[in-house]
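Every number here is computed from the coordinates shown, using simple stated rules; none is lab data. Computed from a predicted structure; not experimentally measured. Backbone-built Cβ (ideal geometry, glycine too); neighbour counts: all protein chains shown.
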Amino acid sequence: MQAFILAGGFATRLWPLTEKRAKPLLPLAGKPLISHIVESIPDGIEITVSTNLAFKQDFESWKKTMSGKHINILIEDSGNEDEKLGALGAVSKWVTETGISDDVLLLAGDNYMGFSIDNFVSSFDGSPLVASYDIREVELAKMFGTVVVDLSENSQVKKVVVFEEKPAEPKSTLVSTGCTIIPGDKLSELVSYAKEHPDNIGGIFEHFLSSGIDVKCMSFSDLWFDIGSFEAYLDATRALVGNTVSCENGNEFSGSVVVGVGSNVKNSKLKDVVIFENCIVEDCVLENCILDNACELKGVDLNGKMLREGTKLIT
């Protein structure tokens, strides 16, 4: 089995944090999001990370920090959103050019997956397999691929009855987590489907079902987050970091507060704040904020803001 991680998006909904940085490289609870993913992949599985020209050097630098893992960086020949191959198109290109026939563990590089990928891989029986999570709210389910399973089966792995990619009227709140397995003998089906649907990664499972190919689903209740928005990023931070309390340097921290390497905070009141590296924060009141590298804030009161790298706000 080989692993293929999709990390080529430009993540415009998280600008300015992703203006110069790939979303999978955003720091989450002390390390890049993609590091959480790679560390959970079973040893012995070769990993390919697919990204684009704009982030080539960043991923090459990140790769050097991941000792003990066999990682390839695959560069898609695109420098902006309009030139992208599409998620499924990128997988298809890799399969075609390498000629692989192995089973593929396909992972979204912008999802935090708290469940055991080792258990997921061990449950693979040769049929396409989807890892799912009950998001519990119909409105939220509309944003994802939803799964209806055969509840008559008394096992953790169940047969998928219906898979719908971002349905207007979801039949289920069980959603795909961006962690799937495509059997090697079904890769030709993927390549064929991707020619007409290069952006529809979830659609391949609809295609499998319509073609009479069994699809299985393994459900998890462990933490899972699709880091697709400012709110989701802070939610994931709160869940992983927990409550932070500090009275040092005249500070008052509450909620989840993360202070990056080289950053200094003095005489400030922070609640649910993520501060990247080499920032200065003095005499501030910040709530639900994210500060990119090298920001300098003095005497400001902010709520619900994302500040781009190098921002200076001094009153």
Open item on the list: Below 14 angstrom from the Cβ of Thr315, what's the summed charge of the other residues (Lys, Arg +1; Asp, Glu -1)?
Closed with: -2
Task: Gained length - Asp199 relative to Asp77, 0.36 nm times residue gap less alpha-carbon distance - done: 42.3 nm
Open item on the list: If packing is taken as the average number of other Cβ atoms within 10 Å across a peptide's residues, how do 202-215, 27-40 rank, most packed first?
Closed with: 27-40, 202-215
Task: Degrees between helix 230-241 axis and first principal axis of the chain (Cα, 0 to 90, nearest 10) - done: 80 degrees
Task: Helix 187-196 vs. the chain, principal-axis angle (Cα, 0 to 90°, nearest 10) - done: 70 degrees
- [ ] Give me the angle, in degrees from 0 to 90, between the Cα long axis of helix 87-98 and the longest principal axis of the Cα atoms of the chain, rounded to the nearest 10.
- [x] 60 degrees
- [ ] Give the calculated FRET efficiency between Ser229 and Arg308 to the nearest 0.05, with a Förster radius of 22 Å applied to their Cβ-Cβ distance.
- [x] 0.85
Task: Segment Lys269-Asp134, extension gain: residue separation times 0.36 nm, minus the distance between their alpha carbons - done: 45.1 nm
- [ ] Return the whole-Å distance between the Cα centroid of the range 154-185 and the Cα centroid of the range 128-149.
- [x] 7 Å
Task: Segment Ser221-Ser101, length gained on full extension (0.36 nm per residue, minus Cα span) - done: 40.0 nm
Open item on the list: Students often check this: by mean Cβ neighbours within 10 Å, which of 88-94, 304-310 ranks highest, and how do the rest follow?
Closed with: 88-94, 304-310
